[in-house]
Amino acid sequence: MARVAIVTGGTRGIGEAISVALNGAGYRVAANYCGNDDRARAFTEKTGIAAYKWDVADFDACVAGVAQVAAELGPVAVIVNNAGITRDATMKKMSRAGWDEVVDTNLGGCFNMCKAAWDGMLERGFGRIVNSGSINGQAGQYGQVNYAAAKSGIHGFTKALSQEGAPKGITVNAIAPGYIDTDMVAAVPPNVLEKIVARIPVGRLGRAEEIARGVLFLVADEAGFVTGSTVSINGGQHMY
Ligand code: NDP
């Protein structure tokens, strides 16, 4: 039977490409999202992939969401924790709310989803978890103490949980995208983006499909010996 995969933030940007790639590879995909109903509707119309709305920062909503997907599509074998937000500001201007929102979504959401799916994966002796880190979690970035801390936390989380999953058939890995051409990067001022692209050895922004390719590798049944690792896909911008 086809394995069931949940992709958080799976209806647009990098998540959309991951949902489409998994669907194309034969997985039964549930694409989660949080607020943008129009984009989710357009995504489902275009791809035929079911969209499920819940906030990954809300623990109870994640438990209910995983249970709903399991009831409708089957037991959840793959979780791709891709949902993420930015609330950029320098320390001088960053509010406590801007810190909490980013940490609760980008890092707390990863805990919530893993916790909701973990017991089932243990019972079935199989699981694949891929967490979205970031080049800015590896290298830091001006104006992003909240985002860099949350993404850096993803890398520690991944290494710790992979040790618990390894003897149980569950792999836990991270993917660390560089600058990818999505709505998130479109929000960066053009003069700043120009300087960023000038520092990417490949000479361009990445494409969402190039991140999806890495995720497909990590979730495969054949990737059972790959765990606790970070796959950096950044055009050579940062070597970690
Ligand atoms: P986008 O802003 O294009 O899309 C974000 C997705 O996450 C949307 O589907 C959004 O849902 C969803 N989302 C946001 N908050 C929540 C929430 N609380 N609960 C559920 N879903 C939520 O982001 P990208 O595609 O650019 O980024 C995807 C991931 O990759 C993020 O984790 C990001 O930090 C990371 N990344 C991105 C890079 C880039 O250059 N783009 C670089 C490095 C890392 P909705 O549509 O409802 O708003």
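The values are calculated or read from the model by the stated rules, or taken from the named source; none is laboratory data. These numbers were taken from a predicted model, which means no experiment stands behind them. Cβ atoms come from the backbone with ideal geometry, glycine included; neighbour counts cover every protein chain shown. All accessible areas refer to the heavy atoms of the entire protein, side chains included, with ligands and DNA or RNA removed. Shrake-Rupley method; radii C 1.70, N 1.55, O 1.52, S 1.80 Å.
Things to note:
- Segment ALA2-GLU209, length gained on full extension (0.36 nm per residue, minus Cα span): 72.3 nm
- Accessible carbon and sulfur surface of segment 73-131 relative to its total accessible area, %, 1.4 Å: 55
- Label-to-label distance for ALA160 and LYS92 is 3.4 nm, based on points extended 7 Å past Cα in the beta-carbon direction.
- Segment 119-159 - accessible surface per residue (Å², probe 1.4 Å): 35
- Eigenvalues of the alpha-carbon gyration tensor of segment 4-233, scaled by 5 and square-rooted, set the equivalent ellipsoid semi-axes at 26, 19, 18 angstrom, largest first.
- Within a straight-line Cα-Cα reach of under 30 Å, LYS115 can be paired with the following lysines, leaving aside sequence neighbours fewer than 8 residues apart in one chain: LYS53, LYS151, LYS159, LYS168.
- Computed [θ] at 222 nm, deg cm²/dmol, the chain (DSSP H ≥ 4; -39,500 (n - 2.57); rounded to nearest 500): -14000 deg cm²/dmol
- Its relative contact order, with pairs defined as Cα atoms under 8 Å and 6+ residues apart, puts the chain at 20 percent.
- With Cα atoms, 0 to 90° folded angle of helix 145-165 axis to the chain main axis: 30
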